[in-house]
Amino acid sequence: MQIIAHRGASGDYPENTLLAIEQAVLQGADAVEIDVFAVDGELIVIHDHHLARTTNGSGSIYQHSLAQLQQLDAGRGQRIPTLWQVLQLLAPTTLWLNIELKGDNTVAPLLSLLKRAERELQFDVNRLLISSFNHHLLAALKQQQPALKLGALTASLAIDYAAFARQLNAYSVNCDVSFINQAFVADAKARGLKVYVYTVDQADDIARMAEYGVDGIFSNYPARSRQQLAAQ
Ligand code: G3P
Ligand code: CA
């Protein structure tokens, strides 16, 4: 079972910052998950479009220019990173990267950035998993770059995840720990989907996910989760 650092090692470091991602690498995570929006055509790494929770700014990211956003403090003096900076950081490592698309205008900038990453960083796009709760974005991506691995995010059993996963030819279903059960995992795996579960930080949940045979868990504490997994 793989450990995916959720927003970087965000339990101990400011989420979605280069510091949190560096720490995820140091803590031995298999992968990193980040959230992205597009501002001025540039993909930035942040979870909320409101700035107040994670930065010293206020209002919406869309009320600011990229230059203004990059002057904000995202915790411990960290800046809001660009996706390009994250790709540069991870390129020399063996970790894979899950990019969660939050903003509606992210598809075109992502496609052009990935071309640049392949060309300038030799970044293998097979190391990427692109996910979103907005399945229209994933469908648009798939149409333009069919080889990309897609993660269909689903937060509830009320959604017919199998239908959209099939429609997208998704690589994985990424689902909330609060509703997942053994039958769901078995069904998804029988459909050839990887199963990644968020957010799993408690020892009893880690044990339960291992028992279900999920492929990976999103953890805010990658080193601690790894230890808890090993101790079982
Ligand atoms: O990608 C898994 C998880 O991060 C989705 O929920 O709200 O933490 O972005 P959220
Ligand atoms: Ca996320």
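Readers should treat all values here as calculations from the given coordinates under stated rules, not as data from a laboratory. Small disclaimer: the values here were computed from a predicted structure and weren't measured. Glycine gets a Cβ as well: all are built from the backbone with ideal geometry, and neighbour counts include every protein chain shown.
In terms of modelled amide H atoms, which long-range or inter-chain residues lie less than 5 Å from the amide H of Ala29?
Here nothing satisfies the definition.
What whole-number distance in Å separates the alpha-carbon centres of segment 83-112 and segment 157-189?
Value for the Cα centre distance between the two parts: 23 Å.
Using θ = phi - 60° and the Karplus form 6.51 cos²θ - 1.76 cosθ + 1.60, what ³J(HN,Hα) does each residue of segment 59-64 get, whole Hz, x for Gly and Pro?
So the Karplus estimates, Gly and Pro as x, are x, 8, 4, 6, 8, 10 Hz.
Between Phe179 and residues 5 or more places away or on another chain, which pairs have amide H atoms under 5 Å apart, with H built 1.01 Å from N, and which residues are they?
Here nothing satisfies the definition.
Quick one: which residues, 5+ away or cross-chain, put their amide H under 5 Å from the amide H of Gly8? H built at 1.01 Å from N.
So Gly8 has HN proximity to Asn16, Glu33.
Could you pull out the chymotrypsin sites (Phe, Trp or Tyr not before Pro) across segment 115-197 that fall in loop regions by DSSP (anything but H, G, I, E, B) with no more than 15 other Cβ atoms inside 10 Å?
Numbers: sites: Phe123, Phe133, Tyr161, Phe164, Tyr171, Phe179, Phe184, Tyr196; in loops: Phe123, Phe133, Tyr171, Phe179.
Passing both the DSSP loop test and the Cβ count: Phe133, Phe179.
Counting other beta carbons within 10 Å of each residue's own, what order do Thr17, Thr82, Thr93, Thr106 fall into, fewest first?
Details: Thr17 27, Thr82 20, Thr93 15, Thr106 24.
Exposure proxy ranking, most exposed first: Thr93, Thr82, Thr106, Thr17.
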